[in-house]
1. Inside the range 97-119, can you point out the residues that are crowded, with 22+ Cβ neighbours inside 10 Å and either over 13 Å from the mean Cα position of the chain (by Cα) or under 17 Å from residue 133 (Cβ atoms) (or both)?
2. Exactly one condition in (1) crowded, with 16+ Cβ neighbours inside 10 Å; (2) touching a strand residue (DSSP E or B) at 6+ places or on another chain (Cβ under 8 Å); (3) assigned to a loop (DSSP other than H, G, I, E, B) is false for residue 188; which is it?
3. Here are some conditions: (1) within 16 Å of residue 40 (Cβ to Cβ); (2) part of a loop (DSSP other than H, G, I, E, B); (3) touching a helix residue (DSSP H, G or I) at 6+ places or on another chain (Cβ under 7 Å). Residue 71 meets all but one. Which one does it not meet?
4. Looking only at the range 79-95, decide whether some residue is touching a helix residue (DSSP H, G or I) at 6+ places or on another chain (Cβ under 6 Å), farther than 21 Å from residue 137 by Cβ, modelled with pLDDT of 95 or more and surrounded by 23 or more Cβ atoms within 10 Å (Cβ to Cβ).
5. Taking only pairs six or more apart or across chains, which ones have beta-carbon atoms under 8 Å, a first residue in the range 60-73 that is free of Cβ contacts under 8 Å to residues at least 12 places away in the same chain, and a second residue that is surrounded by 15 or more Cβ atoms within 10 Å (Cβ to Cβ) and part of a helix (DSSP H, G or I)?
6. Please tell me if residue 150 is modelled with pLDDT of 95 or more, more than 16 Å from residue 198 (Cα to Cα) and buried (at least 20 other Cβ atoms within 10 Å of the Cβ).
7. Step by step: first the residues of the range 156-185, then only those that are in contact with a strand residue (DSSP E or B) (Cβ under 7 Å, 6 or more places away or on another chain) and part of a strand (DSSP E or B), then the one that is surrounded by the most Cβ atoms within 10 Å (Cβ to Cβ). Which residue is that?
8. Filter the range 17-30 down to residues that are surrounded by fewer than 22 Cβ atoms within 10 Å (Cβ to Cβ) and touching a residue at least 24 places away in the same chain (Cβ under 8 Å), then give me how many there are.
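The values are calculated or read from the model by the stated rules, or taken from the named source; none is laboratory data. None of the values given here were measured: they were computed from a predicted structure. All Cβ positions, even for glycine, are placed from backbone atoms using ideal geometry, and neighbour counts span all protein chains on display.
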């Protein structure tokens, strides 16, 4: 068995062992007829593998060369996966799929790197260009869940990952009042918060 670095708890499970997320992704897939999953932050590829088993097309980007190599080997037999090595904010534009609704799992933030705002700006720009993508479904990992301090979350330059922080980005993607958002609530796996942002139907 090849050596894998210890990156995070439950790293050998999709979504760090949180089955509430897998269930929610499948529910969103059915509700919005989602064919494409786009992931930033492949890491070791366990979540990517689950996405590939449940969506028709998967695109994922990873900046860390060692993690990318491990994930590439793990996913070598998955013909519906496109892996990209590099920074998400530089590669995301080429990963977007015209004419098909995508679910985005944004999880490339790590340590001093936090491309979240840039990622959302790219998604917003593409919803307004001559090659628009259908209104996306967005899930952001490591998010602060209001009134649930037991769910872990990340911060960037002392700014916790909150809805208020990124609201203007969501407004730019969907338009004010044209979307809704909600969070996970159960403690499973690594016990990390997640926000889901979806268009109003």
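1. Taking the range 97-119 as the starting set, the residues that turn out to be crowded, with 22+ Cβ neighbours inside 10 Å are 102-108, 115-116, 119.
Listed by number, the residues that qualify are 102, 103, 104, 105, 106, 119.
2. (2)
3. (2)
4. No.
5. Sorted first by the residue in the range 60-73, then by its partner, the list stays empty.
6. Details: modelled with pLDDT of 95 or more: yes; more than 16 Å from residue 198 (Cα to Cα): yes; buried (at least 20 other Cβ atoms within 10 Å of the Cβ): no.
So residue 150 fails the test.
7. 179
8. 8
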